[in-house]
Amino acid sequence: MNPRIIVLTPVKNEEWILHRFLSVTSQFADEILIADQLSTDSSREICAAYKKVTLIQNPGVCYNEAERQLLLISTARKLWPGPKILLGLDADEVLAADAMQSVDWQTMLAAAAGTILLFEKPDLLPRLDKCIRHPTNSVPLGFVDDGLTKHSALEIHSPRVPQPANALRLPLPNIKILHYGLARVRTQLAKVRYYSVEENIKKSSPLRHRRGWYGNFYLKQYVESAAGAQSTPLEWFVGWEAIGIDMRKLPEDALTWHEIEVLRAFAQFGERRFWLDPIWDVDWNERRLSALDVAGIPYQEIKYPPIIYRILGIALDFIIKTIKTLNK
């Protein structure tokens, strides 16, 4: 008897892709556990339309991956005892249509309890006809649950499933998890600006990390130039499209929840705290005026970094880029 497949997904304002994610995930999962974090769009209503979904509330106001992962894992273990595979997928991560026909799918179902499951997660690019592959960088998104291992989670950039020491790590290269994040450039840029602000607030990374990793110059270069991009295999889509699942629509939000949270951070901590974060390539005052009816948005004009801070930021970027080049 095969173990249950339980998909664990945190959600906050994901209506742009939820129908696609839930339509696909309902084809292979026995249960889909969604932890909604105070969504203000139609995410909750969409979840209610899918019979395999169990919707729970994540009441946390702040971004905290550890809290939501521990909530999902503990709830899944309580609701569905017995043999199961836990798959930690975000809403913008969709199983490729050819995955279930691969030999790796049966290998996954037969894996022993305590096994960590590794998948390739290609990044789809804006027109979806190109992608960036990561065949040598498999991601631990699954765990054959032993019911005992505690999850060692982090507040940000956390592993999603338990990873016990000395556990078998099982690569499943023929099961692809398609990542739609980079396919929406504007929203992805809003997300990484938000991450930089969150890490500043949490003091979870030094400035050099935030500028090197989240710097919009580097992200734009990555997305727009798509160095090393490959053609996206049609077999990742056609099986789902054949049963009527839309795999290609990519709406962009005029104002994302990430941008609203950055504006709230300005109101709470002041803009000056973030003057060296790589977030100043957008018109925050335009976004502020679009969100004045939202609680916690500053009413006063956003003050941009003085010229000396901009010069210092450029110098830091040059140093970071030079160090990266020398270390290659």
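The values are calculated or read from the model by the stated rules, or taken from the named source; none is laboratory data. All of these numbers come straight from a predicted model, not from anything done at the bench. Because the Cβ atoms are built from the backbone with ideal geometry, glycine has one as well, and the counts that use them run over all protein chains shown.
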Inset, instruction - Working carefully through the options 232, 187, find the one that is closer than 22 Å to residue 281 by Cα and either loosely packed, with under 15 Cβ neighbours inside 10 Å or modelled with pLDDT of 90 or more (or both). - result: 187
Inset, instruction - Report yes if some residue within segment 172-183 is out of contact with any Asp or Glu (no Cβ under 6 Å at 6 or more places or on another chain), more than 30 Å from residue 112 (Cβ to Cβ) and in a helix (DSSP H, G or I); otherwise report no. - result: yes
Legend entry - Members of segment 156-178 found to be surrounded by 21 or more Cβ atoms within 10 Å (Cβ to Cβ), of a type outside the set (A, V, I, L, M) and under 16 Å from residue 122 (Cα atoms), listed by number: 176
Inset, instruction - Answer with yes or no whether residue 85 is β-branched (Val, Ile, Thr) and in a strand (DSSP E or B). - result: yes
Legend entry - Of the criteria (1) at pLDDT 95 or above; (2) outside any strand (DSSP E or B); (3) within 30 Å of residue 210 (Cα to Cα), which one residue 100 fails: (3)
Legend entry - Complete set of residues in segment 286-328 that are β-branched (Val, Ile, Thr) and in a helix (DSSP H, G or I): 307, 308, 311, 314, 319, 320, 322, 323, 325
Inset, instruction - Please find, within segment 23-68, the residue that is nearest to residue 195 (Cα to Cα) out of those that are part of a loop (DSSP other than H, G, I, E, B) and of a type in the set (D, E, K, R). - result: 41
Legend entry - Subset of segment 121-141 [touching a strand residue (DSSP E or B) at 6+ places or on another chain (Cβ under 7 Å), under 29 Å from residue 251 (Cβ atoms) and not charged (D, E, K, R)]: 122, 124, 125, 131, 132, 134, 139, 141
